[in-house]
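Undergrad: Have a look at this one before I ask anything.
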Amino acid sequence: MERENHMNATTRWRGSAIAQRVVVAAIATALLLTGTAGPATSATPTTYTATKSWTQSESVTAQEWATVGTFVGYGTATVTESATATRTYTAGAAWEADYWATWNAYLAASEEARAKAEAKARPLAKAQATAQAQAQYDESLKGYDATKTWTATETVKVDETHTIGDVVGHGSATATSTATATGSAHAATQAEADWWATWNAYVAALLQAQAQADAQARPIAKAKAKADAEAQVAAGIEATESWTSTETVTVNETATVGDFVGHGTATSTKTVTATKTVKAATHWEAYYWAVIQASVDASAQAKAQADAAARAEALAIAQADAQAQYDAAQVPIDPEEPGGGGPTGPDCGTAPLKADGTPWTCTFVDEFRGTELDQTKWHPIDTYESEFSYGDCFFGDRNIEVSSGVLKLSTIREDQPVTCDHPAGAITTDYTSAAVTTFSKFSQSYGRYEIRAAMPQSNGPGLQSALWMLPENPKYGEWPGSGEIDIVEFYSQYPDRLVPALHYNSLLPWGTRTNNNCLVYEPTAFHTYVLEWTPSKLTISIDGTTCLDHTISPLAPLIGSAPFDQPFNLNLTQMLGSGDNAFPEGQGIDEATLQVDYVRVWK
């Protein structure tokens with residue numbers, strides 16, 4: 001028996017390999033884009049060397065054919081192999097060294113994995129083809145024989161790529177080839193033998209013609225792809241990108257009328273679109289720098305336009321404020337009015353001095369001299385209206401008392417459970433609490449806020465007291481976007497300290513906006529809590545000792561004093577604790593009272 005073997009193989013790894021290259025290139029490009037903010041210059045050139053390893057899996061499908069006598073057998077086998085390669089690359093930037101070391105390692109690992117897979121797949125396919133041909137030959141010994149000849153003409157189009165850096169060139173070529181093959185078959189009937197002999201001849205001729213055409217077209221396509229990549233590198237890559245930027249600018253201005261200084265704050269938002277064209281050696285460089293330059297240009301233009309609009313408005317507000325102060329100073333003086341000898345208005349007593357030596361101006365005061373809450377200044381909190389509860393109920397005036405010159409807000413354990421309405425559903429509880437706010441009655445931006453208060457007696461976790469402020473009309477969105485100022489909060493689980501806190505979206509870490517180490521001797525005694533608020537800073541002190549000194553640093557898109565550039569109202573709250581500060585299971589307290597001696601505000 002004489003065997004004549006012929007071979008033609010088609011590998012199918014190209015599609016997956018190209019897809020993998022795209023993924024790797026995308027990862028590398030992301031690395032480049034996040035690893036640098038732009039080109040840097042240095043007096044001394046620096047080089048970076050990177051060594052990277054890559055493990056790649058590749059699948060190869062091999063097709064083989066073999067003849068036994070005049071019988072042709074066909075075999076197909078698919079094998080997947082992995083390989084790991086390591087490459088080193090030196091470049092002028094760390095990201096560039098990392099990128100090319102990774103890329104070269106990937107290419108080497110991919111080629112090695114394909115070679116290993118093909119080396120294993122091809123013998124398997126060949127053995128399969130030989131076995132099939134042998135089976136046909138063996139079968140031929142039992143029936144009818146036929147031998148046929150077939151001529152096939154095939155046209156093959158080949159697409160190739162060539163990479164230089166991250167520039168990819170493309171090339172295509174088409175070739176036509178003709179091949180004649182002879183096929184044999186043995187079957188139970190003559191008709192079957194003829195059919196299979198013809199089929200075998202046809203397939204053999206087809207595969208030979210395709211292989212010959214591919215061999216002619218592929219070198220041409222590769223040459224074209226290389227020439228295309230070289231032409232792109234020589235010409236440079238041009239990219240045009242647009243960027244739209246919206247910028248919000250808050251401006252503070254002052255104006256003087258006589259001896260009175262007015263302050264004005266205004267915010268303006270402008271949107272600008274800018275377009276930039278950049279030519280660079282690679283696609284990603286051209287795209288990256290076009291986007292960067294367009295975004296920088298758009299942002300600068302938007303900020304300039306917003307600043308111009310806001311500044312004019314802020315100046316007008318400041319002029320109106322100064323004029324109003326001047327006009328108010330012309331009101332006749334009432335010698336009988338507390339603090340007579342000056343314009344009528346709130347009397348906070350002796351005015352403290354600002355850092356520049358000038359006095360503050362009193363704008364709000366409540367010494368709690370009567371027997372009832374002054375509801376021209378304060379609004380009692382109701383659970384349904386405020387949506388406020390830590391498991392307790394707030395019923396307006398309930399648990400609020402004014403006596404002996406002190407405001408008393410109490411948390412009380414009721415004899416019977418009570419129920420209060422809440423937008424999220426009714427609350428049934430054993431505890432009622434109290435809180436008051438100046439919302440809709442008094443609010444102010446900037447100034448000095450002074451509260452003398454005594455925290456409630458407690459025996460451990462379960463209570464929370466707060467002297468705090470909220471924006472009157474939040475203009476920067478939901479909490480904490482528009483800000484919250486906790487002058488101090490008392491958590492009964494920490495009976496030796498009070499905690500200030502500033503809630504807003506800040507560039508600075510949380511630790512710069514609070515202080516858990518403001519120790520106070522006997523918080524249940526009266527102490528003086530002060531907030532001094534300027535367009536650039538918020539400073540909180542206890543009995544004259546600074547506890548928190550914070551420079552306003554908003555997160556983009558806010559700038560300047562935002563969100564602390566708007567009027568805030570005052571809130572005094574006594575309530576149950578929550579979380580770790582809740583009453584332990586089975587424990588509680590009959591009554592706890594926050595006492596407030598006075599509230600004074602200056603501007």
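Undergrad: Can you pull out the residues in the range 419-470 that are under 16 Å from Arg600 (Cα atoms), of a type outside the set (A, V, I, L, M, F, W, C) and either in a loop (DSSP other than H, G, I, E, B) or touching a Gly at 6+ places or on another chain (Cβ under 9 Å) (or both)?
TA: Thr438, Lys441, Ser443, Ser445, Tyr446
Undergrad: For residues that are open to solvent by 20 Å² or more (accessible area, probe 1.4 Å), among the acidic types (Asp, Glu) and over 21 Å from Thr265 (Cβ atoms), scanning just the range 451-490, find the one that is modelled with the lowest pLDDT.
TA: Filtering the range 451-490 for residues that are open to solvent by 20 Å² or more (accessible area, probe 1.4 Å), among the acidic types (Asp, Glu) and over 21 Å from Thr265 (Cβ atoms), the one modelled with the lowest pLDDT comes out as Glu478.
Undergrad: If you go through the range 514-551 one residue at a time, how many are touching a Ser or Thr at 6+ places or on another chain (Cβ under 8 Å), open to solvent by less than 30 Å² (accessible area, probe 1.4 Å) and within 19 Å of Ala562 (Cα to Cα)?
TA: Going through the range 514-551 one residue at a time, the tally reaches 5.
Undergrad: Mind listing whichever residues of the range 373-417 are farther than 24 Å from Ser578 by Cβ and open to solvent by less than 80 Å² (accessible area, probe 1.4 Å)?
TA: Passing the criteria: Leu373, Asp374, Lys377, Trp378, Val402, Ser403, Gly405, Val406.
Undergrad: Does Thr130 meet the test of being of a type in the set (Ser, Thr, Tyr) and part of a strand (DSSP E or B)?
TA: Answer is no for this residue.
Undergrad: If you take just the strands (runs of 3 or more DSSP E) that sit entirely in the range 483-583, which of them hold at least 3 residues that are under 30 Å from the mean Cα position of the chain (by Cα)?
TA: Where strands (runs of 3 or more DSSP E) fall fully within the range 483-583 and carry at least 3 residues being under 30 Å from the mean Cα position of the chain (by Cα), they are 484-491, 499-503, 545-551.
Undergrad: Would you tally the residues in the range 562-603 being of a type outside the set (Gly, Ala, Ser) and within 30 Å of Thr269 (Cα to Cα)?
TA: Summing the residues that are of a type outside the set (Gly, Ala, Ser) and within 30 Å of Thr269 (Cα to Cα) in the range 562-603 gives 9.
Undergrad: Let me ask something else. Are any residues in the range 542-566 small (Gly, Ala, Ser) and under 20 Å from Ser445 (Cβ atoms), and if so, which ones?
TA: Ser553, Gly560, Ser561, Ala562
Undergrad: If you don't mind, another one. Any residue in the range 531-552 that's in contact (Cβ under 8 Å) with a residue 24 or more places away in the chain: show its pairings with residues that are open to solvent by 20 Å² or more (accessible area, probe 1.4 Å) and of a type in the set (Phe, Trp, Tyr) at Cβ separation under 8 Å, as long as the two are six or more apart or on different chains.
TA: That search, which allows pairs on different chains as well, returns Trp533/Tyr446; Thr534/Tyr446; Pro535/Tyr446.
Undergrad: Sticking with this one: Report whether or not Thr350 is at pLDDT 85 or above and crowded, with 19+ Cβ neighbours inside 10 Å.
TA: Considered against the rule, which asks whether it is at pLDDT 85 or above and crowded, with 19+ Cβ neighbours inside 10 Å, Thr350 comes out as no.
Undergrad: Take the residues of the range 282-314 that are farther than 14 Å from Ser245 by Cα and open to solvent by 60 Å² or more (accessible area, probe 1.4 Å): which is modelled with the highest pLDDT?
TA: That would be Ala308.
Undergrad: Something else: Quick test of your reading of the structure: Asp421 fulfils all but one of (1) at pLDDT 95 or above; (2) in contact with a helix residue (DSSP H, G or I) (Cβ under 7 Å, 6 or more places away or on another chain). Name the failing condition by number.
TA: Checking Asp421 against (1) at pLDDT 95 or above; (2) in contact with a helix residue (DSSP H, G or I) (Cβ under 7 Å, 6 or more places away or on another chain), the one that fails is (1).
Undergrad: Take the residues of the range 170-191 that are outside any strand (DSSP E or B) and in contact with a Gly (Cβ under 8 Å, 6 or more places away or on another chain): which is least open to solvent (accessible area, probe 1.4 Å)?
TA: Thr189
Undergrad: Kindly provide the set of residues from the range 220-241 that are open to solvent by 70 Å² or more (accessible area, probe 1.4 Å) and in contact (Cβ under 8 Å) with a residue 12 or more places away in the chain, ordered by number.
TA: Across the range 220-241, the qualifying residues are Ile220, Lys222, Lys224, Lys226, Glu230, Glu238, Thr240.
Quick grid of which residues meet (1) surrounded by fewer than 17 Cβ atoms within 10 Å (Cβ to Cβ); (2) out of contact with any Gly (no Cβ under 7 Å at 6 or more places or on another chain); (3) of a type outside the set (A, V, I, L, M); (4) in a strand (DSSP E or B):
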site	(1), (2), (3), (4)
Trp65	no, no, yes, yes
Thr80	yes, yes, yes, yes
Ala85	no, yes, no, yes
Tyr99	no, yes, yes, no
Asn104	no, yes, yes, no
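Undergrad: On to the next question. Which of the residues that make up the range 370-404 are over 40 Å from the mean Cα position of the chain (by Cα) and either among the hydroxyl-bearing types (Ser, Thr, Tyr) or over 30 Å from Leu538 (Cβ atoms) (or both)?
TA: Passing the criteria: Gly370, Thr371, Glu372, Thr376, Phe395, Gly396, Asp397, Arg398, Asn399, Glu401, Ser403, Ser404.
Undergrad: Can we say Asp159 is open to solvent by 80 Å² or more (accessible area, probe 1.4 Å) and under 30 Å from Ile237 (Cα atoms)?
TA: Spelling it out, Asp159 is indeed open to solvent by 80 Å² or more (accessible area, probe 1.4 Å) and under 30 Å from Ile237 (Cα atoms).
Undergrad: Just the residues that are more than 18 Å from Ile487 (Cβ to Cβ) and of a type in the set (Ser, Thr, Tyr), please, taken from the range 525-560.
TA: Ser536, Ser553
The values are calculated or read from the model by the stated rules, or taken from the named source; none is laboratory data. Not measured: the values here are computed from a predicted model. Here Cβ is always computed from backbone atoms with ideal geometry, including for glycine, and neighbour counts include all displayed protein chains. For accessibility, only protein heavy atoms count, side chains too; no ligands or nucleic acids. Shrake-Rupley method; radii C 1.70, N 1.55, O 1.52, S 1.80 Å.
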